[in-house]
Amino acid sequence: MIVGKRVVLRAMERADLPRVQRWMNDPEVLRRIYTYRHLSLEAEERWLQQMGESTTDFVFAVDTHDGTGAAVHIGTTGIHHVDWKNRCCMVGIVLGEERFRGHGLGTDAMRLLVRYAQQELGLHRVELEVYPFNQAAIRSYQKLGFHLDGTRRGATFREGRFQDVLLMSVLPGEVAAE
């Protein structure tokens with residue numbers, strides 16, 4: 001468990017999967033991530049099993065507290081495709097619960113994740129990909145210290161057309177303080 005001021009990153013559990021499946025089938029969520037199709041609960045269960053067995057992927061549930069102090073599962077985040085030789089990885093985040101978006105919780109979760117990748121796993125370069133239209137996410141990543149490395153022109157075919165993908169990264173010492 002990784003505890004921050006406003007969010008907690010904890011191990012994903014099977015009980016989380018119905019919520020994750022709902023999020024991954026939400027058109028507004030799908031629009032911002034690389035998943036192209038709706039996912040079944042069985043597919044989510046296979047995914048969690050694979051992540052648990054992986055030595056190059058680490059996934060977490062993102063929890064926060066509601067107004068009553070009760071913990072609420074609001075999203076998922078993860079470190080993926082760890083290259084242990086070059087000490088780099090990809091990261092990603094999904095805040096599935098719409099009412100918790102736009103309040104800085106994703107920024108807090110990503111800060112915890114990047115610190116974990118760099119300080120606990122010893123990774124040097126943490127990178128991510130984001131669609132250019134996702135300006136809220138880009139601002140969040142820049143606020144954390146991510147730099148724009150470049151554009152993968154026409155890298156994905158979404159919504160009937162080829163779309164660019166931005167590549168951003170952060171190195172040790174560049175992560176902004178809380």
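The values are calculated or read from the model by the stated rules, or taken from the named source; none is laboratory data. Predicted model only: the values in this text are computed from it and were never measured. Cβ: placed from backbone, ideal geometry, glycine included. Neighbour counts: every protein chain shown.
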* Check off (1) modelled with pLDDT of 80 or more; (2) among the polar types (S, T, N, Q); (3) over 28 Å from F133 (Cβ atoms) for T68 and give me the number that stays unchecked. => (1)
* To do: Could you identify the single residue in R115, R153 that is surrounded by fewer than 20 Cβ atoms within 10 Å (Cβ to Cβ) and either among the aromatic types (F, W, Y) or closer than 25 Å to D63 by Cβ (or both)?
  => R115
* Give the residues of the stretch 166-178 that are within 18 Å of G92 (Cβ to Cβ) and at pLDDT 95 or above, sorted by residue number. => L166, L167, M168, S169, V170
* **Every pair of residues 6+ apart whose Cβ atoms lie under 7 Å, when the first sits in the stretch 1-17 and is closer than 14 Å to G106 by Cβ while the second is polar (S, T, N, Q) and part of a strand (DSSP E or B)** => R6/T64; V7/T64; L9/T77
* Structure fact -> The residue that is farthest from Y141 (Cα to Cα), considering only those in the stretch 65-106 that are crowded, with 21+ Cβ neighbours inside 10 Å and polar (S, T, N, Q), is T76
* Any chance A136 is within 26 Å of G102 (Cα to Cα) and in contact (Cβ under 8 Å) with a residue 40 or more places away in the chain -> no
* Asked: Can we say V114 is under 16 Å from G92 (Cα atoms), assigned to a strand (DSSP E or B) and β-branched (V, I, T)?
  -> no
* **Residue count, the stretch 118-155 (criterion: part of a helix (DSSP H, G or I) and touching a Cys at 6+ places or on another chain (Cβ under 6 Å))** => 0
